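Values in this text are rule-based calculations from the coordinates and carry no lab data. All values reported here derive from a predicted model rather than from experimental measurement. Cβ coordinates were reconstructed from backbone atoms using ideal geometry, including for glycine residues, and neighbour counts include every protein chain displayed.
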Amino acid sequence: MSASPAVVLLSGGLDSATALAIARERGFTCHALSVDYGQRHAAELEAARRVARSGQAQEHRIMRVDLAGIGGSALTDPAIAVPEQPTRGIPVTYVPARNTLMLALALAWVEVLGAGEIFIGVNVIDASGYPDCRPEFIAAFAELARLATRSGVEGKPCRIEAPLIGLTKAEIIREGTRLGVDYAQTVSCYQADAAGRACGRCDACRLRRAGFATAGLADPTRYQSL
């Protein structure tokens, strides 16, 4: 009997690489989906390609959504600086509706594949205050999927799996290390250079570096300078 298919949202970062490894361990045939949404750099998409290959995804697709045309985020508008110090509230690196759009694309592909699961690597503890990384959002989207799709109406709704939702960065790193994830292949930095080297100063870099330190593991991240 062949393994059940699942769509895994794959950004190229540490969290999504771990989510892919978890989906594989659970026995799914993984179809990886990355989104080119007009982000500041292409390094994370190159990282997603590497992670999809090493994570043995059945296939990997990159879809295009022009969120840069809307702007409103430091990750899509080069005129907005990426903060290099901790900030209060929802930071300017929040991309309006990004996870909603990515999950919608994954939901469409799940229906075509006849799959029952979408895996997404969001987590609320180290999420920098992003509203679309909360359990309430995941539950609400699952209800939307039940109401808005043929499979949902026919009584086989898609499940939204967020296996990292309650984990700290250190716990995520330990779990991924157990599963053999090569974190040197991933890019988490909000302003990585063309070679994929991290700035070491943005929120994503700080959380990642602290996670490796707390986990007691060597940080394989390539930094521009520290």
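Short version: ³J(HN,Hα) in whole Hz for each residue of region 99-111, in order, from phi by Karplus 6.51 cos²θ - 1.76 cosθ + 1.60 (θ = phi - 60°), x for Gly and Pro, what are they?
5, 5, 5, 5, 5, 5, 5, 4, 4, 5, 5, 4, 5
Could you point to the residue in 217, 11, 91 farthest towards the positive end of the chain's charge dipole, with +1 and -1 charges on the Cβ of Lys/Arg and Asp/Glu respectively?
217
7 Å from Cα along Cα→Cβ at both residue 210 and residue 146: what's the point-to-point distance in nm?
3.6
Of (1) 19.0; (2) 18.1; (3) 17.6, which one was derived for Kirkwood radius over Cα pairs in Å from the structure shown?
(3)
Would you kindly state how much longer the chain becomes between residue 218 and residue 159 on full extension, computed as 0.36 nm times their sequence separation minus their alpha carbon distance, in nm to one decimal? Could the numbers behind the result be given before it?
On the way: separation 59, 0.36 × 59 = 21.24 nm, distance 3.46 nm.
Taking 0.36 nm per residue and subtracting the Cα distance, the gain is 17.8 nm.
Any chance you could get the radius of gyration and Dmax over the Cα atoms of region 117-216, in Å?
In Å, with Rg to one decimal and Dmax whole: 16.3, 48.
Taking the Cβ of each residue in 161, 136, 117 as the centre, tally the other Cβ atoms inside 10 Å and list the residues starting with the fewest. Before the final figure, lay out each step's value.
Details: 161 22, 136 10, 117 19.
Ascending Cβ contact count within 10 Å gives the list 136, 117, 161.
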